[in-house]
Amino acid sequence: MCRYSANAIGLTAVLALVACLDPASPARSPGPAPSQPSPPSPASTNGTWILHIDGGQFAPHVQIVRIDSVSVNNTVQWKLRSFSSLDWAGAAVHDFDGVEAASEGGYEYNAWRLRFADGEGGMWQYTISGDSLSGRLLLMDSSGSAGAVYSVIGARLGAAFAAGLGAALGGTALSALWVDSTPRVLLRIDDAPITDRDFLQRVHDRGLVGELAVPTRLVGRQGRLTWSEIEGWRARGFGVAAHSRYHLHTRDDDLAFLAEVVGSLSDLADRALPAVDFAQPGTWEDSLSFDTAGKLKNWRGSLFRTLVSTLEAYAYPSTVTTPVRGWLAYGLGHVTISDGVPTDTILARWHNAVTPRRFTVFMVHSFRLTSPDQLDWFLDSLRAAVAVGRVKLVNQASDMFPAIALPPQ
């Protein structure tokens, strides 16, 4: 049995304890003493982090912590504080409320001694690579007896994005939206390919707007729109949604998922294009393809609830009845009108969309149009419907839902 005093436990002890508790850790032969680790720099460690702790009461949630370095008597010390998050259903998460934290080993180690409000203690040790974090949390009871060991992953929130977390996340007051039964339509244009230059101009020439779903780390690359172009379309009234960083084929990879979501939201905020909507890439598979509501009843749903107002995915239909029920905000579907979809199918969806008390998301991949003018008839129909008040356009999905705000920090 491994047992350590809660007061005396340090980094060396916790690493040994983690090894003896983890059956996957192989026995190691005695070797030379490890060299002194390089001190973590404040630039690599400071910031706001969103974490997932894979076990116990923490497993269904995410946690938000802020790490700051301060100089005291010419030495660097670290401070940690926690903030509220939401669970997948939108309830406040209190796991880290009142936690006391002390940096273990000062400047030399990425490790913290934790004391939770219920009196239990823990040791959190981690490494950082860029804007990603991975490590382990060791829990101890009030007597100092070792408990469970959980893995921890995290992603750094960009400074601009983190600064806006306390504000309401998009949305328009419900009473202002539903004074009539006029159907609403959102035209979403995905992936920011260079072919959007022509298509967006066709949309704009008809006095229409839409929502650009942007994979942020692909912007400015060959075959993609530039940031100045995206900023220009935003100035013309188009909405902008996060659409991951790299639009990768991703499956069952928690750290990659976290980095893609948090990174894309942070990138947009850094460009003064804060997004309150996230559009799931169609390349996500298995547990990361949110095609049922059940796949969001976990920490991934908690992540989206905490960071955005709307997740556009595949769990719910592309056309829903208004006023839109709030739970549809996380998993809202869309109908694709490019990618070889037959005109008759698009027409049927259009006729359904213009029925009173409907909200429909139409999605376009401009690089998969058979010709630049393939959807001119659809845009003309949309323009005519808007002109006579038969349809109203929104430029982001979150406009269809009541404002969602984080609990006060």
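Computed from the coordinates by the stated procedures, all read-outs in this text should not be read as laboratory data. Not measured: the values here are computed from a predicted model. Note: ideal-geometry Cβ built from the backbone for every residue, glycine included; neighbour counts use all protein chains shown.
Other residues with beta-carbon under 12 Å from the beta-carbon of Ser132 carry, at +1 per Lys or Arg and -1 per Asp or Glu, a net charge of -2. Between Ala102 and Trp327, the simple label model (points 7 Å from Cα in the Cβ direction) yields a spacing of 4.6 nm. The residues neighbouring Gly122, those whose beta-carbon lies less than 12 Å from its own, together hold a net charge of -3 under the Lys/Arg +1, Asp/Glu -1 convention.
Across segment 163-400, counting alpha-carbon atoms alone, Rg and Dmax equal 16.8, 48 Å.
How high is the FRET efficiency between Ala148 and Thr283 when r is their beta carbon distance and R₀ equals 35 Å, given to the nearest 0.05? For R0 = 35 Å, the calculated efficiency reads 0.50. Stretching Ser134 away from Ala59 to a fully extended chain increases their span by 25.5 nm, per 0.36 nm per residue minus the current alpha-carbon distance.
Among all the aspartates and glutamates, which ones have a C-alpha under 20 Å from Lys297's C-alpha, if same-chain residues fewer than 8 places away are not counted? Partners found: Asp54, Asp87, Asp95, Asp252, Asp253, Asp254, Glu260, Asp277, Glu285, Asp286, Glu312.
Annotation for Asp252 and Ser381: the two label points, set 7 Å from Cα along the Cα-Cβ direction, are 4.2 nm apart. Each Lys or Arg adds one and each Asp or Glu subtracts one; over the other residues with Cβ under 13 Å from the Cβ of Glu312, this totals -4. Restricting to Cα pairs below 8 Å that are 6+ residues apart, what does the relative contact order work out to for segment 163-400? Please round to a whole percent. That works out to 29 percent.
Rg and Dmax over the alpha-carbon atoms of segment 290-360 stand at 13.8, 40 Å. Figure legend: label point modelled 7 angstrom from the Cα of Ala159 along Cα→Cβ; no residues of segment 206-242 have amide N under 17 Å from it.
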